[in-house]
Amino acid sequence: MTSFQRLPTELICRILECCSNQAVASTATTSHHLYDIAIPLLYKRQAKQGNHDITFWAAENGRLGTLKHIAEYMTVRVVAAEEWTHRVYDTSGDFNPQTDAVTGWYWTPLHVAAEHGQVDAVEFLLDHGADIDAQSLTQRDLGLGIGIDSYNIDFQDRGIFELPPPVSFSPLIAAIHCRQNEVTELLLRRGALIEIREAASKRPCGTTALHVAVINGNVEAIKMIIEGGYAGPNDPDADGYPPLLWAARYLGINNDASAASMQPLLDLGADINYIAPSDFYPGSRHSLVTILAKRWKPYTAEALIALGATPLSDHESREIDRVAVTHF
């Protein structure tokens with residue numbers, strides 16, 4: 001009797017097409033010849049069924065061999081998205097959560113590889129067409145220290161009646177938050193943008209990867225971004241606040257992580273006496289110490305003074321004692 005692997009390739013393919021995935025996979029392990037026939041069939045079947053689980057698994061675990069098969073027989077340009085109770089995959093290349101009926105989280109293989117520190121997988125995905133600035137919105141992003149719809153400094157002393165447009169996050173943000181600094185270096189070198197963007201308009205919101213690094217105390221990422229010229233140590237956010245104010249404001253929050261950012265920012269050129277907008281009145285500008293004191297953050301103001309900031313003048317102290325700054 002002729003052995004199975006000696007049959008014509010076309011006939012083997014026809015037979016395998018009628019088999020389960022498990023049977024095809026088992027066949028692939030029996031010889032190099034059958035492996036070369038069965039493996040493309042498995043990947044093409046997954047693509048036809050719209051199932052890209054294997055792509056995200058390979059990205060998370062750094063399986064380059066699997067990713068090579070995916071690039072050849074499927075695509076690495078895929079977005080996973082949650083729609084109510086099930087997951088769907090989009091390979092169109094123009095995924096838009098605003099128009100694609102997405103009701104939950106969405107993310108890409110590049111985000112997964114970045115947050116798990118799979119440097120080789122990140123490089124492979126980029127080399128094979130993955131969007132370096134692809135956007136995600138996932139459960140992980142809730143722990144960034146900034147929020148999907150609260151990405152400006154909030155002194156929590158004023159009523160907020162309208163939420164800003166929600167934002168989404170790039171693989172660079174994922175890498176910085178997860179302290180995968182080899183991936184961060186690679187993404188910056190390959191041209192990743194540092195801006196955090198509004199989910200709908202794709203416009204920069206004014207908050208950047210530097211702010212994420214600062215509030216999470218990722219000193220290595222701070223140095224990469226500033227020393228690499230991707231952002232300056234005094235670059236203001238949309239409200240005119242420099243990174244050092246972010247570090248001071250987040251003291252006592254997120255396990256005090258931002259405390260580690262303050263001295264490195266100063267060493268990299270941050271101005272400890274930076275003059276910034278201080279409230280809603282046009283033209284009202286003060287030092288960071290004054291801003292923090294006026295907004296009832298004496299602990300953080302004292303932290304800046306301890307690092308060398310100019311203390312409040314007697315006049316400023318009397319004014320703050322006299323006026324309660326509460327705007328509604």
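What follows draws every value from the coordinates through simple rules; no lab data is involved. All values derive from a computational prediction rather than experimental measurement. Reconstructed Cβ throughout: ideal geometry from the backbone, glycine too, with neighbour counts over all protein chains shown.
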Stretchable slack from Ser313 to Asp53, in nm (0.36 nm times residue separation minus alpha-carbon distance)
87.5 nm
Ranked packing of 258-270, 167-179, 236-248, most packed first, by mean Cβ within 10 Å:
167-179, 236-248, 258-270
Using only Cα atoms, find the angle between the long axis of helix 32-48 and the longest principal axis of the chain, and express it within 0 to 90 degrees, rounded to the nearest 10.
50 degrees
Mark the label point 7 Å from the Cα of Tyr299 along Cα→Cβ and return the residues of segment 223-251 whose backbone N is within less than 14 Å of it.
248-251
Amide H neighbours of His286 under 5 Å, at least 5 residues apart or on other chains, H built in the peptide plane: list them.
Ala276, Ser278
Starting at 0 and stepping by 5 Å, how many percent of the alpha carbon pairs of segment 1-49 end up in each bin?
4, 23, 36, 25, 9, 3, 1, 0
For Asp256 and Asp127 in the same chain, what is the full-extension length gain: residue separation times 0.36 nm, less their Cα-Cα distance, in nm?
42.6 nm
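What number, in percent, do you get for the relative contact order of the chain if the mean sequence gap of Cα pairs under 8 Å and at least 6 apart is divided by its residue count?
10 percent
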Helix-only [θ]222 nm of the chain, DSSP H runs n ≥ 4, -39500 (n - 2.57) each, per residue, nearest 500:
-12000 deg cm²/dmol
Average Cα contact separation per residue, segment 1-49, under 8 Å, 6 or more apart, as relative contact order %
31 percent
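Quick check: residue separation of Thr9 and Leu163 times 0.36 nm, minus the Cα distance between them. What number comes out in nm?
Fully extending the segment from Thr9 to Leu163 adds 49.3 nm.
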